[in-house]
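The values are calculated or read from the model by the stated rules, or taken from the named source; none is laboratory data. Here the structure is a predicted model, which means the values were calculated and not measured. Ideal geometry is used to build each Cβ from the backbone, glycine not excepted, and the neighbour counts take in all protein chains shown. In case anyone asks, the SASA skips ligands and DNA or RNA and just uses the protein heavy atoms, side chains included. Shrake-Rupley method; radii C 1.70, N 1.55, O 1.52, S 1.80 Å.
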Amino acid sequence: DGGITQSPKYLFRKEGQNVTLSCEQNLNHDAMYWYRQDPGQGLRLIYYSQIVNDFQKGDIAEGYSVSREKKESFPLTVTSAQKNPTAFYLCASSMGPNGVSPLHFGNGTRLTVT
Amino acid sequence: AQKVTQAQTEISVVEKEDVTLDCVYETRDTTYYLFWYKQPPSGELVFLIRRNSFDEQNEISGRYSWNFQKSTSSFNFTITASQVVDSAVYFCALSEANSNSGYALNFGKGTSLLVTP
């Protein structure tokens, strides 16, 4: 079955360490997205990519970095510069960019930094 | 500024009651898309519906129905005869055709629905 795989489901890191969250999709979607979810805050866009080797900052990109070397993969690195990294991170993809199709989401990674 | 407002933070109903989740949006675009997603305790967001700005026809899917009114910039979601399995966080979202963030969605803060037996 096609879908989006995020790994790991839970991730623990010490403050000051960079950490990379994995996101893989086999839906053949062009566009991929990273969102951050905090309690009572909804989802906020971190980065998005409409095509391979291209990506754009979202609303809260500071302290994060991404790469899009392959169509199927869009890893997110949470750097030590991110002041409040503990959150639930959701990866999504869509057929885009020419069509407004629904986003398909992964199961998320819950990151805890202490 | 918040583009999607879900004023109800939490709603609690007893099974079989009807419940309406409110969503008010803000955009200057004439072409835009509205979505509803469901997030069960497992965490994954499940797509429920998409409407475009040119189609104000209400939609019904089983126990779910949506009321889209451009005059009030609202896209409300009603669950009829609620069930315990409907317990989840529900998000309303907006995508604007002229947005500079591709077709990324702007989400509301969500409404947590609890349906008790």
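The set of residues in the stretch B:12-38 being surrounded by 17 or more Cβ atoms within 10 Å (Cβ to Cβ) and either more than 16 Å from B:S71 (Cβ to Cβ) or basic (K, R) (or both) consists of B:V19, B:L21, B:Y33, B:F35, B:W36, B:Y37, B:K38. Restricted to strands (runs of 3 or more DSSP E) entirely inside the stretch A:47-104, those with at least 3 residues that are away from chain B (no Cβ under 13 Å) and open to solvent by less than 70 Å² (accessible area, probe 1.4 Å) are A:64-66, A:76-78. Of the strands (runs of 3 or more DSSP E) entirely within the stretch B:1-116, none holds at least 1 residues that are out of contact with any strand residue (DSSP E or B) (no Cβ under 9 Å at 6 or more places or on another chain) and basic (K, R).
Regarding A:G2, is this residue at pLDDT below 95 and more than 24 Å from B:V89 (Cα to Cα)? For A:G2, the condition - at pLDDT below 95 and more than 24 Å from B:V89 (Cα to Cα) - is met. The number of residues in the stretch A:25-46 that are surrounded by fewer than 20 Cβ atoms within 10 Å (Cβ to Cβ) and within 11 Å of the chain's Cα centre (by Cα) comes to 1.
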